[in-house]
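> Sharing a structure, written as C-alpha cells. Questions coming.
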Amino acid sequence: MMGKRIHNFNAGPAALPLPVLEEIQQEFLDYKGSGMSITEVSHRSKWFDDIINEAITRTKRLLNIGDDFQVLFIQGGASLQFCMVPMNLSLTGKPVEYVNTGTWSTKAIKEAQIQGKNVQVIASSEDKYFSYIPTAYDIDENAAYLHFTSNNTIKGTQWAEFPEAGKVPLVCDMSSDFMSRPFDAGPFGLIYAGAQKNIGPAGAAMVIIRNDMLERVPQDIPTMLKYTTFSDKNSMFNTPPCFIIYTVNLVLKWIEETIGGLENMAEINREKAKFLYGFIDQSGFYRGTAAEDSRSLMNVTFRLPDEVLEAKFVEAALKEGLGGLKGHRSVGGCRASIYNATGVEAVKELVNFMKAFEMREG
Ligand SMILES: Cc1ncc(COP(=O)(O)O)c(C=O)c1O
C-alpha cells in the first residue's frame with residue numbers, strides 16, 4: 001500500500017513529476033515488452049539506444065539548439081564539471097574568468113586554481129554574503145571562457161539575464177535552474193547541470209557543449225576526463241548511467257508534451273515564485289534573504305524571527321505534509337525549492353501553512 005505523498009520542497013535530489021514516477025512504475029518490470037526492467041537491459045540494446053537518442057533530441061528541441069551542439073551525459077555530478085571545464089577548455093596564455101556568486105562558484109574556482117590555471121575572478125558578491133548577483137564587471141576579450149552559476153541554490157539568487165561577453169564563450173553551471181526557462185544558447189560554449197534538481201535523479205550531469213569547444217580538448221589528459229570521449233561515443237564509451245538517462249528522457253517528455261515547452265514552464269515558475277515572495281514581502285514575520293532584484297525563482301530562502309521558531313516551522317510543516325523546508329546546513333534559515341515538478345498547488349498549500357503558523361506563533 002502506498003503512503004501519502006508529501007509536497008516536496010527539497011533542494012536536490014528533488015521532486016519529480018508524478019506522471020513520470022507513475023510511468024516508471026508502470027513499465028518497471030517489463031520495459032516495452034522486453035521482459036526486463038530498464039535497469040536490466042544492455043546499454044548496447046536498441047531499447048537503450050532509442051532512449052538516449054530521444055533524450056538528446058528532446059533537449060535540443062526544448063533549448064532550440066542544432067547540430068553545432070553535443071548533448072552528453074557524464075557521471076560525477078556537477079562537481080566533476082568544476083574540474084573538467086578548466087581541464088578541457090582553458091587555452092595557453094589566456095585567463096579563465098569566473099564570477100563568484102556563492103558556494104558552488106567558489107568550488108568551481110577552486111578546481112581551476114588547483115590545476116594552476118590563470119584564474120581571474122572578475123566579480124563577486126561575497127562582500128554581502130552572496131545575497132545578490134553582481135552587475136558591474138569587465139570581461140577580458142582575450143579570456144578562454146567566462147564561467148558563472150545561473151542559479152545559486154543555497155543563497156537563493158539567480159541571474160535574471162545572463163552576462164554579455166561578446167566573443168568570449170560563456171560556461172554555465174545551470175544545475176538548479178536548467179530547463180526552468182528558455183534562453184538563447186548561442187553565446188554558450190558549455191552548459192552543465194547535475195540532473196537531480198530539475199531533470200531527474202542524482203547520478204549524472206547533462207553537459208551541452210558547442211562543437212568548437214571540442215577542438216580545445218587536450219590529448220594528454222585522462223580518457224574519462226575528456227569531453228571528446230563522451231562526444232565521440234554518444235556518451236557510451238563505458239556503461240552510462242542508464243536509469244538516470246531514461247528518467248531524464250521521461251521528464252523532458254513531460255515538459256514538452258504535458259507542460260507544452262519552456263515558455264509555459266517559465267510562466268508557471270514565475271507564477272509560483274511571485275505568489276510565495278508576495279506573501280513573504282507583506283509579512284512582518286518572514287523575511288526574504290536575497291536582494292529583491294536577484295531573487296531566485298527556484299530556491300526561495302527566508303528567515304523567521306529566530307532559530308527556535310525556524311526549527312519549529314520546519315517540523316510543523318512536515319507534519320502537514322510539506323517537506324524539505326530547512327535551509328542549507330551552511331547558512332541555516334528556511335528554503336523552499338520550487339523546481340519544475342513542485343506545482344502551483346504545493347506552493348499555495350505552503351503559503352496557507354505559513355499564514356497559519358504566523359497567526360499561531362507571530
Ligand atoms: C548550482 C549547483 N552546482 C553544483 C552542485 C553540485 O552538484 P553535484 O552534487 O551534482 O556535484 C549543486 C548541488 O546542489 C548546485 O546546486
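The values are calculated or read from the model by the stated rules, or taken from the named source; none is laboratory data. The structure presented is a predicted model; accordingly, all values stated were derived computationally and were not measured. Reconstructed Cβ throughout: ideal geometry from the backbone, glycine too, with neighbour counts over all protein chains shown. Side chains are part of the model used for accessible areas, which takes the heavy atoms of the whole protein and leaves out ligands, DNA and RNA. Shrake-Rupley method; radii C 1.70, N 1.55, O 1.52, S 1.80 Å.
> Among the residues of region 174-221, count how many are within 14 Å of the ligand (Cβ to nearest atom) and of a type in the set (Asp, Glu).
The total comes to 1.
> Residue under question is ALA123, and the condition is that it be over 20 Å from the mean Cα position of the chain (by Cα), open to solvent by less than 30 Å² (accessible area, probe 1.4 Å) and either within 19 Å of THR92 (Cβ to Cβ) or acidic (Asp, Glu) (or both); does it hold?
Numbers: over 20 Å from the mean Cα position of the chain (by Cα): yes; open to solvent by less than 30 Å² (accessible area, probe 1.4 Å): yes; either within 19 Å of THR92 (Cβ to Cβ) or acidic (Asp, Glu) (or both): no.
So ALA123 does not fit the description; no.
> Here's another thing I want to ask about it. Name the one entry in ASN238, ASN249 that is part of a loop (DSSP other than H, G, I, E, B) and among the polar types (S, T, N, Q). Don't jump to the end; show me each part of the working.
Values: ASN249 fails: part of a loop (DSSP other than H, G, I, E, B).
Answer to the check: ASN238.
> Output the residues belonging to region 136-173 that are surrounded by fewer than 24 Cβ atoms within 10 Å (Cβ to Cβ) and near the ligand (Cβ under 10 Å from one of its atoms).
Within region 136-173, ILE154 is the sole residue that qualifies.
> Could you tell me whether region 60-78 includes any residue that is without any contact (Cβ under 8 Å) to a residue 24 or more places away in the chain and surrounded by 14 or more Cβ atoms within 10 Å (Cβ to Cβ)?
Among the residues of region 60-78, at least one is without any contact (Cβ under 8 Å) to a residue 24 or more places away in the chain and surrounded by 14 or more Cβ atoms within 10 Å (Cβ to Cβ), which makes the answer yes.
> Can you pull out every residue in region 186-202 that is among the small types (Gly, Ala, Ser), open to solvent by 10 Å² or more (accessible area, probe 1.4 Å) and either at pLDDT below 95 or more than 22 Å from PHE243 (Cα to Cα) (or both)? Talk me through it step by step, then tell me what you get.
Quick first cut of region 186-202, residues among the small types (Gly, Ala, Ser) only: 186, 189, 193-195, 200, 202.
Next, only the ones that are open to solvent by 10 Å² or more (accessible area, probe 1.4 Å) stay: 186, 202.
Once the filter is applied, which keeps residues that are among the small types (Gly, Ala, Ser), open to solvent by 10 Å² or more (accessible area, probe 1.4 Å) and either at pLDDT below 95 or more than 22 Å from PHE243 (Cα to Cα) (or both), region 186-202 yields only GLY186.
> Consider region 328-362. How many of its residues are of a type in the set (Gly, Ala, Ser), touching a residue at least 60 places away in the same chain (Cβ under 8 Å) and over 22 Å from ALA195 (Cβ atoms)?
Of the residues in that region, 2 qualify.
> Identify, by number, the condition in (1) under 20 Å from ILE245 (Cα atoms); (2) aromatic (Phe, Trp, Tyr); (3) within 23 Å of the chain's Cα centre (by Cα) that PHE48 doesn't meet.
(3)
> On to the next question. What's the number of the only condition in (1) over 20 Å from ILE6 (Cβ atoms); (2) at pLDDT 95 or above; (3) in a loop (DSSP other than H, G, I, E, B) that THR342 fails to meet?
All conditions are met except number (1).
> Just to be sure before I move on: is GLY12 assigned to a loop (DSSP other than H, G, I, E, B), buried (at least 18 other Cβ atoms within 10 Å of the Cβ) and on the phi > 0 side of the Ramachandran plot in the structure I sent? Show your work before the answer.
Numbers: assigned to a loop (DSSP other than H, G, I, E, B): yes; buried (at least 18 other Cβ atoms within 10 Å of the Cβ): yes; on the phi > 0 side of the Ramachandran plot: yes.
Yes.
> While we're looking at this one, here's another question. Out of (1) within 30 Å of ILE38 (Cα to Cα); (2) in contact with a Lys or Arg (Cβ under 9 Å, 6 or more places away or on another chain), what's the single condition that is false for ARG303?
It fails just one condition, (1).
> Go through region 281-308 and report how many residues are in contact (Cβ under 8 Å) with a residue 24 or more places away in the chain, surrounded by fewer than 19 Cβ atoms within 10 Å (Cβ to Cβ) and assigned to a helix (DSSP H, G or I).
The number of residues fulfilling the criteria is 2.
> What number goes with the only condition from (1) open to solvent by less than 10 Å² (accessible area, probe 1.4 Å); (2) within 16 Å of the ligand (Cβ to nearest atom); (3) over 17 Å from GLY194 (Cα atoms) that GLN81 does not pass?
Tallying (1) open to solvent by less than 10 Å² (accessible area, probe 1.4 Å); (2) within 16 Å of the ligand (Cβ to nearest atom); (3) over 17 Å from GLY194 (Cα atoms), GLN81 fails exactly one: (3).
> Now a separate question. Would you mind stating whether THR229 is buried (at least 18 other Cβ atoms within 10 Å of the Cβ) and without any contact (Cβ under 8 Å) to a residue 12 or more places away in the chain?
Working: buried (at least 18 other Cβ atoms within 10 Å of the Cβ): yes; without any contact (Cβ under 8 Å) to a residue 12 or more places away in the chain: yes.
In short, yes.
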